[in-house]
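Asks: So that we are looking at the same thing, I have put the structure below in structure tokens.
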Amino acid sequence: ASGGDLVGRRVVVSAGGTREPLDPVRFLGNRSSGKQGHALAVAAAQRGARVTLVTSAPADLPGIDVVPVETALQLRDAVHAAAADCDVVVMAAAVADFRPASYAPAKIKKSHDAPADGAPDDSAPVIALVRNPDILAELVERRGGADSPVIVGFAAETGDGDGSVLEHGRAKLARKGCDVLVVNEVGEDKTFGADDNTVTILRRDSDEGVEVGPASKAVVSDAVWDVVAGLL
Ligand code: C5P
């Protein structure tokens, strides 16, 4: 960790898994706890940055401007608003790729009367989905001149134990066009909700990756900021 190397910098961090509502009581979600994103926000503040944290996870972090969100569309609006005038955007949020095509304003019932003859219908509902915008891709698209922010993406990959996680990471970095990609291997017992993380930090302008961990999410955060600070 290096003291005040982010003094005078404005950073935006998104964190947590989005929740895509089906009806007033149900949502489609994922296993992201928000811990890595929150640790990144705290580490940046400790290094002197002004931090906006856009998160779907409960956060009571003194000195950090927290913007609570729930859905991908809310997270998108909040990130773009905060990113308008900043030096770094870190997309650590696990944004749902899809959301339900429609929202049922009343709770979806197990059994409902068929519209045709009024007989009880116990058939299982089919949930249609539509694509959410790729917020990271939008940030890359909107990137302007020399004062554009450094854009950091995350890639959660489930590997097959054959080095494919890093291969996917390299391909994703090229495809997404961000400056830095933090690649982590995920699975039911890995990363999500855990206090430790193991990542490889890839840069667009270098073939070398920085491997970190297993280490606390605080230590992983400082390694990410070390790389980002070198790009500012
Ligand atoms: O392609 P993939 O979803 O694996 O990319 C992950 C990265 O893209 C993360 O940084 C995530 O925050 C971001 N993302 C996004 N909007 C989406 C999906 C992912 O910004 N709809």
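Laboratory data are not the source of any read-out in this text; all were calculated from the coordinates shown. The structure presented is a predicted model; accordingly, all values stated were derived computationally and were not measured. FYI the Cβ positions are ideal-geometry reconstructions off the backbone, even for glycines, and counts take in every protein chain you see.
Asks: Using a 10 Å Cβ count of at most 15 others and DSSP loop calls, identify the longest part of the chain lacking such GluC sites (Glu not before Pro).
Replies: 71-187
Asks: What does the net charge come to around A218 if you take all other residues with beta carbon closer than 15 Å to its beta carbon, with K and R at +1 and D and E at -1?
Replies: With Lys, Arg at +1 and Asp, Glu at -1, the neighbours total -1.
Asks: Now for a separate question. For region 96-186, restrict the atom set to alpha-carbon positions and state the Rg and Dmax in Å.
Replies: So, for region 96-186, Rg and Dmax equal 21.2, 66 Å respectively.
Asks: Give me the percent of DSSP beta bridges within the chain that run antiparallel, rounded to the nearest 5.
Replies: 45 percent
Asks: Per-residue ellipticity at 222 nm for the chain, helices alone: DSSP H runs ≥ 4 residues times -39500 (n - 2.57), over residue total, nearest 500 deg cm²/dmol?
Replies: -7500 deg cm²/dmol
Asks: Please report the relative contact order for the chain, taking Cα pairs under 8 Å with a sequence separation of at least 6, and give it as a percent rounded to a whole number.
Replies: Across the chain, relative contact order equals 20 percent.
Asks: In the calculated pair distance distribution of region 45-159, what percentage of Cα-Cα distances lie above 17 Å?
Replies: 67 percent
Asks: Let me ask another. Just order 53-64, 82-93, 11-22, 117-128 by mean Cβ neighbour count inside 10 Å, highest at the front, would you?
Replies: 11-22, 82-93, 53-64, 117-128
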